[in-house]
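*Asks:* Can you read through this structure? Questions will come right after.
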Amino acid sequence: MTSLRRTPLAADALDATDRAIINRMQDGLPLVSHPFTALANDLGLDEDALIARIQTMREIGAITRFGPFFDAEAMGGAFCLCAMEVPAGRFDAVMTLVNAHPEVAHNYERTHRLNMWFVLACERVAQIKQTADRIERETGLPVLLFPKEHEFFIGFRVTA
Amino acid sequence: MTISALDRRIIAATTGGLPLTPAPFAEVAGWLGITEGTLIDRMTAMQDAGVIRRVAIAPNHYALGLTANGMSVWDVDNTLAVELGAQVGALEFVSHCYLRPRADGWPYNLFAMIHGHNRDEVEILRAQIAALLGPACRASDILYSTRILKKTGLRLTEGGL
């Protein structure tokens, strides 16, 4: 994975056409032989020019990826958000122990008494609890489990 | 749906993305030694089953100025939580929205990730959610991330995810 740009681009880095491409292409392309053709026509571009713009936007970090978005749960995986209250003096040591587990997919430090929040990604549901138990034993700290009980449809789109 | 061995190869070949060419499916089919039609058929089946949500670009919201995000958490009356959660999830500035169990010392059951250009804007958006929830919400908080400690992509192993 390339590292993610975490700072804003200059205001003039993208023109109106680039912004229209970003806004339109978050909604999905048709699964057809030439998936860019219809969008290129809509935007008044030829297909090669559209693809070149997407390429450039990926190079400058405006776009992180182009491709299918998978629902890992629909593929049979098990996931669980977890949180721990880690004493400040032990934070880095606990982080090292937690991150050493390949099941830990993401881990964030957050501003709260519960200051370490991570996602466990396992092949089977039973492995979630087993991994959390191992982390509790290794760190001597409780791991709170926050499994998803209901997922709401998301309308989130970034307006470029 | 049942993911076939071929589906698994398709997933493995495309988790890093599709090639930016006029006919990207033909190119991926060539890598896998299958026809373009077979690839498109399998990807369409996976999209219909929800395994593929969509084929699209992922904008980098940091690069586009959305540099602040906060995990807002809410203690919402259980009888209204599903109905109100759906309204919160539909807000254009919310990227993830779930109900999760409460815990000792943690009264919150609704989690909504808010994105904004800065923390002041995130707090304004948070107030919009508070107004939407009204008296059904008894308490709330927001947790800002201060450091990414680990971030990995989707892992695929033999035979399973």
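*Asks:* Any idea which of (1) buried (at least 18 other Cβ atoms within 10 Å of the Cβ); (2) modelled with pLDDT of 95 or more; (3) within 25 Å of A:MET95 (Cα to Cα); (4) in contact with a strand residue (DSSP E or B) (Cβ under 6 Å, 6 or more places away or on another chain) is the one B:TRP106 doesn't satisfy?
*Replies:* (4)
*Asks:* Looking at segment A:66-95, I want the residues that are on the phi > 0 side of the Ramachandran plot and have a partner that is charged (D, E, K, R) and surrounded by fewer than 20 Cβ atoms within 10 Å (Cβ to Cβ) with Cβ atoms under 9 Å, at least 6 apart or on another chain. Which pairs are those?
*Replies:* From segment A:66-95, the pairs are A:GLY76/A:GLU123; A:GLY76/A:ARG124.
*Asks:* Further question: Restricting attention to segment B:88-142, which residues are in a helix (DSSP H, G or I) and among the charged types (D, E, K, R)? Break it down into steps so the answer makes sense when it comes.
*Replies:* Quick first cut of segment B:88-142, residues in a helix (DSSP H, G or I) only: B:88-89, B:119-136.
Residues satisfying the conditions are B:ARG119, B:ASP120, B:GLU121, B:GLU123, B:ARG126.
*Asks:* Among the residues of segment A:45-71, count how many are among the basic types (Lys, Arg) and at the interface with chain B (Cβ under 8 Å from one of its Cβ atoms).
*Replies:* 2
*Asks:* Kindly establish whether A:GLY61 is at positive phi, among the small types (Gly, Ala, Ser) and either modelled with pLDDT of 95 or more or touching a Gly at 6+ places or on another chain (Cβ under 9 Å) (or both).
*Replies:* No; evaluated as a whole, the condition is false for this residue.
*Asks:* Additional query: One residue is enough: does segment A:96-115 have a residue meeting the conditions in contact (Cβ under 8 Å) with a residue 40 or more places away in the chain, surrounded by fewer than 20 Cβ atoms within 10 Å (Cβ to Cβ), out of contact with any strand residue (DSSP E or B) (no Cβ under 6 Å at 6 or more places or on another chain) and farther than 29 Å from A:PRO8 by Cα?
*Replies:* Checked segment A:96-115: at least one residue is in contact (Cβ under 8 Å) with a residue 40 or more places away in the chain, surrounded by fewer than 20 Cβ atoms within 10 Å (Cβ to Cβ), out of contact with any strand residue (DSSP E or B) (no Cβ under 6 Å at 6 or more places or on another chain) and farther than 29 Å from A:PRO8 by Cα.
*Asks:* Within the group B:ALA56, B:ALA68, which residue is surrounded by fewer than 22 Cβ atoms within 10 Å (Cβ to Cβ), among the aliphatic types (A, V, I, L, M), farther than 20 Å from A:ALA72 by Cβ and under 18 Å from the mean Cα position of the chain (by Cα)? If you could, list the steps in order and put the result at the bottom.
*Replies:* Working: B:ALA56 fails: farther than 20 Å from A:ALA72 by Cβ.
Residue meeting the stated conditions: B:ALA68.
*Asks:* Would you say B:GLY16 is at the interface with chain A (Cβ under 9 Å from one of its Cβ atoms), at positive phi and part of a loop (DSSP other than H, G, I, E, B)? Don't jump to the end; show me each part of the working.
*Replies:* Details: at the interface with chain A (Cβ under 9 Å from one of its Cβ atoms): yes; at positive phi: no; part of a loop (DSSP other than H, G, I, E, B): yes.
So B:GLY16 does not fit the description; no.
The values are calculated or read from the model by the stated rules, or taken from the named source; none is laboratory data. Since this is a predicted model, take the numbers as computed values, not measurements. Counting neighbours? That spans all protein chains shown, and the Cβs are built from the backbone with ideal geometry, glycine included.
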